[in-house]
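Everything on this sheet refers to the single structure shown next.
Please treat every number below as a calculation from the coordinates, not as lab data. These numbers come from a predicted model, not from an experiment. Every residue, glycine as well, gets a Cβ built from its backbone with ideal geometry; the counts of neighbours run over all protein chains shown.
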């Protein structure tokens with residue numbers, strides 16, 4: 001698939017076929033994420049892939065309870081990928097402090113966008129999930145204190161084709177040489 005075509009057609013998929021995702025496809029998605037650029041080449045990401053149905057079910061029961069139940073639909077995805085962060089290397093942490101920008105989160109966004117575009121290119125749907133119990137996710141994986149599950153990605157063969165969501169016109173967001 002041509003890149004612009006992938007960007008134009010990719011949608012957040014919340015309904016999946018009951019079909020396992022091949023490890024080769026998952027690994028190809030993770031390779032795309034691995035190759036993403038990051039501030040000071042800190043590569044502040046790790047990924048935990050949940051593709052065993054029993055493990056994934058236990059995890060989803062933990063992280064999608066109570067106020068997070070609105071994200072419970074993700075339990076039906078054949079794969080959940082937990083994007084785990086650290087704050088990056090010393091140079092990037094200094095940049096975070098000086099600029100008051102959490103560059104490691106920007107880096108996560110770039111890496112995960114690479115992952116989901118590669119998924120779409122291989123016929124897989126995905127959805128970025130930010131509403132889940134991150135503390136319970138960290139305990140589930142027994143993460144050290146300096147690591148955090150920033151977000152989850154649901155992945156699988158789509159069982160729906162969502163319509164495109166409205167987008168602002170370029171004129172509303174692009175400015176040349178000055179802010180108007």
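Pull out a ≥ b ≥ c, the square roots of the eigenvalues of the alpha-carbon gyration tensor of segment 18-104, then state rounded if a/c is under 1.5, prolate if not and a/b is larger than b/c, and oblate in the remaining case. Cα axes put segment 18-104 in the oblate bin.
What number, in percent, do you get for the relative contact order of segment 55-180 if the mean sequence gap of Cα pairs under 8 Å and at least 6 apart is divided by its residue count? Write down the numbers at each step before the final one.
Values: 127 pairs, mean separation 43.4, N = 126.
Answer for segment 55-180 is 34 percent.
Let me make sure I get this right: for segment 103-180, a, b and c are the square roots of the gyration tensor eigenvalues over alpha carbons, sorted descending. Under 1.5 in a/c it's rounded, otherwise prolate if a/b > b/c, else oblate. Which is it? Oblate shape, in that a/c is at least 1.5 and b/c is the bigger or equal ratio. Taking the chain as a Gaussian network, where each spring joins two C-alpha atoms under 10 Å apart, which residue of 25, 147, 168 fluctuates the most? In this elastic network of the chain, the residue with the biggest mean-square fluctuation among 25, 147, 168 is 168. Of 150, 57, the sequence from fewest to most neighbouring Cβ atoms within 10 angstrom is 57, 150.
Given the -39500 (n - 2.57) contribution per DSSP H run of 4+ residues, what per-residue ellipticity at 222 nm results for the chain, rounded to the nearest 500 deg cm²/dmol?
Values: 6 runs with 67 residues, N = 180.
When only DSSP H runs of four or more count, the value is -11500 deg cm²/dmol.
Model label points for residue 142 and residue 171, set 7 angstrom from Cα along the Cα-to-Cβ axis, are 6.0 nm apart.
Do you know the relative contact order of segment 1-130, to the nearest whole percent, from alpha carbon pairs under 8 angstrom that are 6+ apart?
Numbers: 155 pairs, mean separation 55.2, N = 130.
In percent, rounded to a whole number, it is 42.
Put in line by how crowded their Cβ is, counting other Cβ atoms within 10 Å and starting with the fewest, 16, 179, 68 read 179, 68, 16. With a/c under 1.5 counting as rounded, go ahead and sort the chain into rounded, prolate or oblate using the C-alpha gyration tensor (a ≥ b ≥ c being the square roots of the eigenvalues; past the cut-off, prolate if a/b is larger than b/c, else oblate). Taking the square roots of the gyration eigenvalues as a ≥ b ≥ c, the chain is oblate.
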